[in-house]
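**Student:** Just dropping this structure here.
The values are calculated or read from the model by the stated rules, or taken from the named source; none is laboratory data. Given the structure is predicted, the values throughout are model-derived calculations rather than measurements. Virtual Cβ from ideal backbone geometry, glycine too; neighbours counted across all protein chains shown.
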Amino acid sequence: MTHSIAKPADGLFRCAALSAIKHDYVARGVMSHPRFQLVVVADDPQVPDWAHERNQQLADDFRVPYVRDVERALREFDVQVAIVSSAAERHCDLSIRAALAGKHVIQDKPLTTRSSEADRLVAAIEQSGVKFLMWNRNFLPGVLEASQRIAAGEVGRLLSVHVDFYFAKDAGPTKGSRRPGYPPIDWLTFQLAAHTDGSDGAVGHEAIGELSNEGIYPLGYLQMLVGTRVQRIFARAASHFHQVNADNQVEDLGSMTLEMEGGVIASIAIGRNGASSHPNGGEMKLQIVGTAGALVVSEGRPDIGFYYRDQPAREPRQRRVAGENDFLLAENFAQAIDQDCDTILDARASRHIFATVTAALKSSQTGQPVDVE
C-alpha cells in the first residue's frame, strides 16, 4: 500500500521519535535544524519498563507526548518524518512500518542484524516513495573537505584509502579479568548498567561487535569519497580488549581490506580500545592516495585542549569545535525531500554497507576473502 506524501505548507517537518533507548542524540541532532520539529515520542506497548522510561525522558525534555502505540502516533500527530533509534534488532521493523505509513525515515545505525530485514526495508522505502537517511559522520569538517578536494581532482585518480577508526571508550572489565567459574557477562544487562556514564554500545538482546556497530562510519566515508561499491573483502576480527565482548563472542578489534569497483584498494582498522588510550575519543584518521597527491585527514579536528585542576576522569580533554555534522545531515535530508533526490546515505547505500559488514564477519570466521553480495 502506498501513501500520498504531502510536503508541509509551512516548510516545517513534524517528527516522531520512534524509540530513543540508546541514541537519543539522533533525534536531538535532527532538532538542531530549524525545519524539524519533534511533536511526539512513540514506542510499542510491550517494550520493557526501562525502554519506556528512556522514551519518556526524551518526551519530557522536548515537552511532547509519549505515546505507547507507534501506528497511532504516526497517524494522529500529522507526522512527516520518523526518527528510529531503538535496539538494533528493531531498527528495520520500525523503519519499515514508518515507511509503509508514508513517513520519511531517519535511522540510527546499524541498519539491521538480519539480511532479510535489510531487503524488506529497501523494498518498503522504494515502494512508498519516501526518503531514507542512515545517520552518519560524513559531514564532519575534515571528511567534507577531503571529499571536496577529491571531487576537484586535486589528488588525481584515487588509488587507495586507509581509515583508522578507534573509539577510546571503555566496555567494562578488561579481557581476562573474570575469574574462572564466574558466569559470562550478560550483554543487555551490561549495556543498561553502562548507560549511566555513556560507555554502553549496541543496546539490545543481540550482542553486536564493532564491525557491525561502528563499521558504518568508515564504510560511509568510503561510500562518499570513492563513490563506488566494495566488491571483495578480507577481514580479521578478535575480542581483544573487553571481557563483555569475549563472553558474548563479538569483536572489539578488527581490520578489513577491500577491493572496490574501479580498482581502488581500501583498508580499515577499527576497534573499541578503552578510554585511557586517547584523549579525544579515539584515533580516527583517513589517509588518501591518488595519482597526483595525497591527503591525511584527522577526523576529530579542529579541536581544542581543555585542562584544569581536579578535572573529572571521564571528562574529555580534547573537544571538537566547528563541527556542524548534525545540522548538515538534517539539511541534506530536507533537500532530498524538497528536491526529490538521494540522501548522503540512502537505503540502498546502507544495504550495501550492511552486506559489506556481513562479508567481513564471514571472512574473519573463515580466513578467506569473501565477495560482497
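**Student:** Pull out all pairs, ordered by first then second residue, where Cβ-Cβ is under 9 Å, the residues are six or more apart or on different chains, the first lies in the stretch 45-58 and is under 19 Å from residue 188 (Cβ atoms), and the second is part of a helix (DSSP H, G or I) and of a type in the set (Lys, Arg).
**Tutor:** Partner pairs satisfying both residue conditions: 47/90.
**Student:** Still on this structure: Which one of 286, 329 is hydrophobic (A, V, I, L, M, F, W, C), outside the structural domain of residue 109 (by TED's automatic domain parsing), in contact (Cβ under 8 Å) with a residue 24 or more places away in the chain and assigned to a strand (DSSP E or B)?
**Tutor:** Answer to the selection: 286.
**Student:** Return the residues of the stretch 146-196 that are of a type in the set (A, V, I, L, M), surrounded by 12 or more Cβ atoms within 10 Å (Cβ to Cβ) and not in a helix (DSSP H, G or I); say none if nothing qualifies.
**Tutor:** Matches in the stretch 146-196: 155, 158, 159, 161, 163, 168, 171, 185.
**Student:** Please state which of the following conditions residue 232 fails to meet, knowing it meets all the rest: (1) assigned to a strand (DSSP E or B); (2) under 15 Å from the mean Cα position of the chain (by Cα).
**Tutor:** Looking at each condition in turn, residue 232 falls short on (2).
**Student:** Does residue 313 satisfy the condition of being over 22 Å from the mean Cα position of the chain (by Cα), in the same structural domain as residue 196 (by TED's automatic domain parsing), within 19 Å of residue 155 (Cβ to Cβ) and in a loop (DSSP other than H, G, I, E, B)?
**Tutor:** When the stated conditions are applied, residue 313 does not pass them.
**Student:** Under 7 Å between Cβ atoms, which residue pairs at least 6 apart in sequence (or on different chains) link something in the stretch 209-231 that is touching a residue at least 12 places away in the same chain (Cβ under 8 Å) with a partner that is assigned to a helix (DSSP H, G or I) and among the charged types (D, E, K, R)?
**Tutor:** 228/261; 229/261; 231/261
**Student:** Looking for whichever is surrounded by 13 or more Cβ atoms within 10 Å (Cβ to Cβ), among the hydrophobic types (A, V, I, L, M, F, W, C), modelled with pLDDT of 95 or more and more than 23 Å from the chain's Cα centre (by Cα) here; the options are 40, 67, 30. Which one fits?
**Tutor:** After applying the criteria, what remains is 67.
**Student:** So residue 336 clears everything in (1) in contact with a strand residue (DSSP E or B) (Cβ under 8 Å, 6 or more places away or on another chain); (2) not in a helix (DSSP H, G or I) except one condition, right? Which one?
**Tutor:** Failed condition: (2).
**Student:** Can you tell me which of (1) outside any helix (DSSP H, G or I); (2) in contact (Cβ under 8 Å) with a residue 40 or more places away in the chain is the one residue 122 doesn't meet?
**Tutor:** (1) is the only condition that residue 122 fails.
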